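Just so it is clear, none of the values below were taken in a lab; they were calculated from the coordinates. All values reported here derive from a predicted model rather than from experimental measurement. Cβ placement follows ideal geometry from the backbone for every residue including glycine, while neighbour counts extend to all protein chains displayed.
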């Protein structure tokens, strides 16, 4: 493994932890808390939010005509997205146990929590949940594809990529034929980090809701 790449990835993990801490700070700033997967705002916060709701008629009136015209187009994307969700779920359920790959938890990627925001009208809530679902499905499918790629072709690209998926750091360097032939079976089964993370989540004490 490239030591510099390992160092950069470690810095990324530290930054991710900083992001989590910042998000937790935002809970206090905007008067909500997340307990056992549920979002709870204070009564005062909910009351303020309801004063800021934009009525549906005003929401439609203030939207540009071309925006309204494209609504059927963007909502038609729900069909391929839902099909992707179905096919990816069936695919990993059948293939991952055979390959020895840990399954991707769908719930880790698809989060539908924006409906709890009282300052959104019903149309905004609907749109926000759609966005959360669509991007969650794509992110989940990306992780499923990443773990599949680690099994079938764990080789880095020579050409520069815009971004790397979560398993890319485990891949062989482009052109490293010797290590590829010698260690391919080991890398195909190198999911210890996922298994350790899953074990830590299982053993972590459950949060109790506040009164």
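Using just the helices of the chain, give the 222 nm mean residue ellipticity in deg cm²/dmol: DSSP H runs with n ≥ 4 each add -39,500 (n - 2.57), and the total is spread over all residues, rounded to 500.
On the way: 9 runs with 130 residues, N = 211.
Dividing the helical sum by the residues of the chain leaves -20000 deg cm²/dmol.
Taking 45 Å as R0, compute the FRET efficiency from the Cβ-Cβ separation of residue 155 and residue 119 and round it to 0.05. Before the final figure, lay out each step's value.
On the way: r = 48 Å, r/R0 = 1.07.
FRET efficiency, residue 155 to residue 119: 0.40.
Quick one: helix 3-29 against the long Cα principal axis of the chain, what's the angle to the nearest 10°, folded into 0 to 90?
Long axis of 3-29 versus the principal axis of the chain: about 20 degrees.
So I have (1) 1.29; (2) 0.98; (3) 1.06, and one of them is Cα Rg over 2.2 N^0.38 Å calculated from this model. Which one is it?
Recomputing Cα Rg over 2.2 N^0.38 Å here picks out (1).
I need the shape label for the stretch 133-202. Rule: rounded when a/c is under 1.5, else prolate if a/b > b/c, else oblate, with a, b, c from the alpha carbon gyration tensor.
oblate
Anyone know which of 89, 148, 186 comes out most mobile in the 10 Å Cα GNM of the chain?
Its mean-square fluctuation being the largest, the pick is 186.
Testing the spin-label approximation: label points 7 Å from Cα along Cα→Cβ at residue 169 and residue 142. State their distance in nm.
Calculated label separation equals 1.6 nm.
What residue among 106, 48, 115 shows peak mean-square fluctuation when the chain is described by a Gaussian network model with Cα springs under 10 Å?
48
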